[in-house]
Amino acid sequence: MKVSIDIDDPSWLAIDNIEGETQRIADHCARAVDFGGEPAEATILFSDDKTVAELNRAWRGKHGPTNVLSFPAAPGIAHPDAPRHVGDIALAFGVVAREAKEQGKALTAHTSHLLVHGLLHLAGFDHASEAEAAIMEARESEILSGLGIADPYASEAGA
């Protein structure tokens, strides 16, 4: 999977090789789930809380920033010689960093989890119901394991 990366908050540069890691995660996700055909492309915005809050308000009608937003692309329009755009993802640095600290996780691991989460949304997964959430979380855990990242839900299962 091809990813276009925009880092508009330099705080994200705290993650070593963020572009390379993002590409590695996207490639691993593309091998693990069906994005509806190859080649596929996604855009990832590494932003700040203010920008993500504005997107959250404009597109979801919700107040304040959230950790990750996913915007699946509408099917159909594609250039025959270009990768099919599957959607866009935006991450808010302040929220992600705060969550990582509160959960005792490394920023890189938490960001990787949220990227996988966002990419699964672009592949059609959702967590609107408990059954959907269980399926999506299991796929996230499986994909993260393949990337060498601990199961983010393991501590919740024991709680």
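Laboratory data are not the source of any read-out in this text; all were calculated from the coordinates shown. As the structure is a computational prediction, the values presented were derived from the model and not from experiment. For neighbour counting, all protein chains shown are included, and Cβ atoms are generated from backbone atoms with ideal geometry for every residue, glycine included.
A few points about this structure:
- FRET efficiency for residue 6 and residue 151, using Cβ-Cβ distance with R0 set to 35 Å, rounded to 0.05: 0.75
- For the chain, hydrophobic long helices are taken as DSSP H runs at least 18 Å long by C-alpha position along their axis with mean Kyte-Doolittle hydropathy of 0.5 or more; these are 107-122.
- Cross-link partners of residue 50 among aspartates and glutamates (Cα-Cα below 14 Å; sequence separation of 8 or more within a chain): 8, 9
- Distance from the alpha carbon centroid of the stretch 80-114 to that of the stretch 1-54 works out to 7 angstrom.
- Scattering curve values for the chain, log₁₀ I(q)/I(0), Debye with Cα scatterers, q = 0.13, 0.17 Å⁻¹: -0.59, -1.05
- Sequence-distant aspartates and glutamates (8 or more away, or on other chains) whose Cα lies within less than 13 Å of residue 105: 151
- Within straight-line reach of residue 62, meaning a Cα separation under 20 Å, sit the following aspartates and glutamates at least 8 residues removed in sequence or on another chain: 48, 49, 54, 88, 99, 126.
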